[in-house]
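S.K.: My questions will all concern the structure given below.
The values are calculated or read from the model by the stated rules, or taken from the named source; none is laboratory data. All of these numbers come straight from a predicted model, not from anything done at the bench. Counting neighbours? That spans all protein chains shown, and the Cβs are built from the backbone with ideal geometry, glycine included. Ligands, DNA and RNA are excluded from the accessible area calculation, which covers all protein heavy atoms including side chains. Shrake-Rupley method; radii C 1.70, N 1.55, O 1.52, S 1.80 Å.
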Amino acid sequence: MTDTAPSQAPGGAPPRMGFFTDTSVCIGCKACEVACKEWNAIPAGDAGLTGMSYDNTKGLGASAWRHVAFVEQRKPLGGQEPGVDVFDAAGRLGGPAADGLPPVSPDGRTELRWLMSSDVCKHCTEAGCLDVCPTGSLFRTEFGTVVVQEDICNGCGYCVPACPYGVIDQRPDDGRAWKCTLCYDRLGEGMEPACAKACPTESIQFGPLDELRERAAARVARLHAAGIPDARLYGESPDNGVGGDGAFFLLLDEPEVYGLPPDPVVPTRDLPAMWRHAGAAALALAAGAAACFLGRRP
Amino acid sequence: MSESDVTRQGLRGTRPGHQAVTGEAAGRAPRHARRGGRRKGRRGGEQPPVEPARFSSYYGRPVLNKPVWEARDIAGYLFLGGLAGGSSLLAAGAHATGRPALARPAKAAALGAVSLSTAALVHDLGRPERFAHMLRVFKPTSPMSMGSWLLAGYGPLAGLAAVTGLTGRFRRTGAAATAGAAVLAPAVTTYTAVLLADTAVPSWHQAYRELPLAFAGSGAAAAGGLGMLAGPVAQAGPARRLAAFGAALELGAMEAMKRRMGLVAEPLERGRAGRLLRASKALTASGAALGATAGRRSRAAAAVAGTALLLGSAAGRFGVFHAGVASAEDPRYTVLPQRERLRRRTAHPSPDTP
Ligand code: SF4
Ligand code: SF4
């Protein structure tokens, strides 16, 4: 439904920019969350403890534009040898190095693995939030990202349930809708977004979407070769339900494990059919009402 | 995190309920009593308790951000919009067929309902002073934008129709406004179904085929009820018929809708939404029946029937509203249908059929 920003428009428009979040190297430091809050002057959320591992942010919302998920599983991470004695291993450092990554636990023993993933607005090619916004507050930038204009938003709240990823939300005290801008202000100055800048492991990679997709494909192939068959890309395909995510992910388990929808579809895909059904219903109503006045007088 | 540790012997000191249960296990925990809530109505549709489908989730948290709309404002708006649209149709018919005592209250009801509904919409905005931003753009991909323009056209016509009807002045203008309002009225009544359906909220989106018919019926039933309540029995024949037509349309469409929606029909039958929708069904059916029988002779019976129809319509809108919110709050209604869609797609890969 929405216009797609061309990857490289003529006339010097910038290419479509995005994020590739490689969760396989995320260490859960939350530097991205902090940097985002600092740069964008986002109010603090409620500071309660949730009991959900190290996650007290809970999810994306009006005042959480990056959210680091922590998942504890009884399952070995590929390449991790559960029985390894780190002190022993450290003692042997400098000696003859073992070749490549150690094998997955051979006896199938299960251990804990800890998945961490920094979630963010997907900057969808077909963005539900943008499609339904009645004021034109949400718009697509020259970088192909989706941004709220806070001086236009009247807080109608329609974008909130229209997002199939549960990203955008209304700030109760302020009344307007807020979400990740992919640091539109920084991009304009040629700087990378604050979260990507702060990420110490390059789990968050920022760049032209085409380039990120190539990099991501190579990374998945490497992880598969290293014996991590769980590695998969999420949201990178332009054939998905939102025409491809401008911010996509490398995950180590099913998307729903991280709180992501397994097969999201932008609601407006069905909008032409919805208008048709509503039109038919309107005609039925008009005909039915007219029929009530036919016949006998009383 | 001090309670549980990974040791060489495995996991120590786990605290059930505090660790991320992942994989399929996460969906296994019953999040609420699945068999409760449907004591009554043990008729045909009741299914035997089945093993709840398994799915993964992130600590059972919702995938979607739930609607931020106030039920009173937005469900109230859905009801009032339907009442206004239906009343304009009734008013135009009564006007054209020489039933002034029915036309006058119907026109007044249309104006009152559309004014109140607009007030509810503005009240629900996070920034009410920016309500005029609604007409900043004309955007067919946004049902709310289309609805704003529709109301901007319909509201003044309904107002003109009501004022000329009550004062008896400017008859030509009044007749034109009455007809104009009736032309837009069916759209006013049904577009609100698109407004709800064009969201990722499972129980709203999956309802998009039948919901406009249900809302059309609900609006007609409410307007018919109002006509019976406010118009004299002698002139309210069309109101009684409109109520019967609307009630049948609403009840039929809701049944068909629930049958086709599968899993995401559940929220329509549970909790607050379920209670509201059962009340709506009873009120609408009994109101229409009473109106078509005793309501033809007795003014008192007509008033009771009309009130029941109005309440039934309102309860229906609040029920649909709450069902949607409940479906967004539970990840199973997001994850399970999407998993099923993925499974079917991998089983029969056919890229060019939707
Ligand atoms: S993820 Fe949601 S908020 Fe972000 S662009 Fe897509 S629809 Fe909009
Ligand atoms: S809340 Fe603001 S950004 Fe969201 S749809 Fe309404 S006007 Fe647009």
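S.K.: Explain nothing, just compute: Karplus ³J(HN,Hα) = 6.51 cos²θ - 1.76 cosθ + 1.60, θ = phi - 60°, for every residue of segment B:189-196 in order, whole Hz, x for Gly and Pro.
M.R.: Each residue of segment B:189-196 in turn: 6, 9, 5, 4, 5, 5, 4, 6 Hz.
S.K.: Right, another one. Which chymotrypsin sites (Phe, Trp or Tyr not before Pro) from segment B:97-183 combine a DSSP loop assignment with at most 15 other Cβ atoms within 10 Å? Can you show the working numbers first?
M.R.: Numbers: sites: B:F131, B:F138, B:W149, B:Y154, B:F170; in loops: B:F138, B:F170.
For chymotrypsin sites (Phe, Trp or Tyr not before Pro) across segment B:97-183 that sit outside H, G, I, E and B with at most 15 neighbouring Cβ atoms in 10 Å, the list reads B:F138, B:F170.
S.K.: At a 10 angstrom cut-off on C-beta neighbours, averaged per residue, how do the peptides B:108-120, B:259-271, B:336-348 rank from highest to lowest? Working shown, then result.
M.R.: Details: B:108-120: 22.5, B:259-271: 19.2, B:336-348: 13.9.
Result, highest mean first: B:108-120, B:259-271, B:336-348.
S.K.: For every other residue with a beta carbon closer than 12 angstrom to the beta carbon of B:T167, add +1 if it is Lys or Arg and -1 if Asp or Glu, then tell me the sum.
M.R.: Working: positive: B:R104, B:K107, B:R169, B:R171; negative: none.
Result for the local shell: +4.
S.K.: Return the Rg/Rh value of segment A:153-298, two decimal places, where both radii are evaluated on C-alpha atoms and Rh is the Kirkwood radius. The partial results should precede the final answer.
M.R.: On the way: Rg = 23.2 Å, Rh = 19.5 Å.
Ratio of gyration radius to Kirkwood radius: 1.19.
S.K.: Right, something else. Please list the non-local residues whose amide H lies under 5 Å from the amide H of A:D22, H modeled 1.01 Å from N, same-chain partners needing a gap of 5 or more.
M.R.: Under 5 Å from the amide H of A:D22: A:I204, A:Q205, A:L250.
S.K.: Another one. Compute the signed sum of charges (Lys and Arg +1, Asp and Glu -1) over the other residues within less than 14 Å, Cβ to Cβ, of B:G86. Mind dumping the intermediate values first?
M.R.: Working: positive: B:K107, B:R240, B:R241, B:R317; negative: B:E250.
Overall, the nearby charge balance is +3.
S.K.: Please give the net charge around B:G231, taking every other residue with its beta carbon less than 11 angstrom from that of B:G231, where Lys and Arg add +1 and Asp and Glu add -1. Write out the running numbers ahead of the final one.
M.R.: On the way: positive: B:R99, B:R104, B:R240, B:R299; negative: none.
With Lys, Arg at +1 and Asp, Glu at -1, the neighbours total +4.
S.K.: Further question on the same structure: Using modelled amide H (1.01 Å from N, peptide plane; none on Pro or chain starts), what sits under 5 Å from the amide H of A:A69, excluding residues fewer than 5 places away?
M.R.: Amide H neighbours of A:A69, under 5 Å, 5+ apart: A:S117, A:S118, A:D119.
S.K.: Using +1 at the C-beta of Lys and Arg and -1 at the C-beta of Asp and Glu, which of A:G175, A:S203, A:A226 has the Cα lying farthest in the positive direction of the dipole of segment A:165-226?
M.R.: It is A:A226.
S.K.: Can you compute the modelled spin-label distance between B:T173 and A:A291, with each label point 7 Å from Cα toward Cβ, in nm?
M.R.: Calculated label separation equals 3.7 nm.
S.K.: Mind checking B:259-268 for the average number of partner chain beta-carbons within 10 Å of each residue's beta-carbon? Write down the numbers at each step before the final one.
M.R.: Working: counts 0, 0, 0, 0, 0, 0, 0, 0, 0, 0.
Partner-chain Cβ atoms within 10 Å, mean over residues of B:259-268: 0.
S.K.: For segment B:210-223, take each phi angle, set θ = phi - 60°, evaluate the Karplus expression 6.51 cos²θ - 1.76 cosθ + 1.60, and give the result in whole Hz per residue in order, putting x for glycine and proline.
M.R.: 9, 4, x, 5, 4, 5, 4, x, 4, x, 5, 5, 5, 5
S.K.: Give me the percent of accessible area attributable to carbon and sulfur for segment B:71-329, probe 1.4 angstrom.
M.R.: Numbers: 6030 of 8880 Å².
The C+S portion of the solvent-accessible surface of segment B:71-329 is 68 percent.
S.K.: Return the average number of partner chain Cβ atoms within 10 angstrom of each residue Cβ along peptide B:331-341.
M.R.: Details: counts 4, 0, 0, 7, 8, 2, 2, 9, 5, 2, 4.
Across the residues of B:331-341, the mean count of other-chain Cβ atoms within 10 Å is 4.
S.K.: Scan segment A:207-298 for trypsin sites (Lys or Arg not before Pro) in coil per DSSP, keeping those whose Cβ has at most 14 other Cβ atoms within 10 Å, and list them by number. Walk me through the intermediate numbers first.
M.R.: Details: sites: A:R213, A:R215, A:R219, A:R222, A:R232, A:R269, A:R276, A:R296; in loops: A:R296.
Hits after loop and neighbour filter: A:R296.
S.K.: Taking amide H atoms as placed 1.01 Å from N in the peptide plane, list the residues 5 or more away in sequence, or in a different chain, whose amide H sits under 5 Å from that of B:F55.
M.R.: Placed amide hydrogens put B:G27, B:R28 under 5 Å from B:F55.
S.K.: Roughly speaking, what is the stretch gain from A:I27 to A:T201, that is 0.36 nm per residue apart minus the C-alpha to C-alpha distance, in nm to one decimal?
M.R.: Numbers: separation 174, 0.36 × 174 = 62.64 nm, distance 0.76 nm.
Stretched fully, the A:I27-A:T201 segment lengthens by 61.9 nm.
S.K.: Then there is this: At the nearest 100 Å², what buried accessible area, both sides summed, do you get for B and A when the probe is 1.4 Å? If you can, show how the numbers build up before the last one.
M.R.: Working: alone 18980 and 15790 Å², together 27900 Å².
The summed interface area works out to 6900 Å².
S.K.: Across the residues of A:246-256, average count of Cβ atoms on other protein chains within 10 Å? All intermediate terms of the calculation are to be shown ahead of the outcome.
M.R.: Details: counts 0, 0, 0, 0, 0, 0, 0, 3, 7, 5, 15.
So the per-residue partner count for this stretch is 3.
S.K.: I'd like to check one number: the per residue accessible area of segment B:71-329, probe 1.4 Å, reported in Å² as a whole number. Write down the numbers at each step before the final one.
M.R.: Details: 8880 Å² over 259 residues.
Ligands and nucleic acids excluded, the result is 34 Å² per residue.
S.K.: Which percent of Cα-Cα pairs in segment B:71-329 sits in each 10 Å bin, short to long?
M.R.: 8, 32, 35, 20, 4, 0
S.K.: Any lysines with Cα under 26 Å of the A:K37 Cα? List them, leaving off those in the same chain fewer than 8 positions away.
M.R.: A:K58, A:K122, A:K179, A:K197, B:K66
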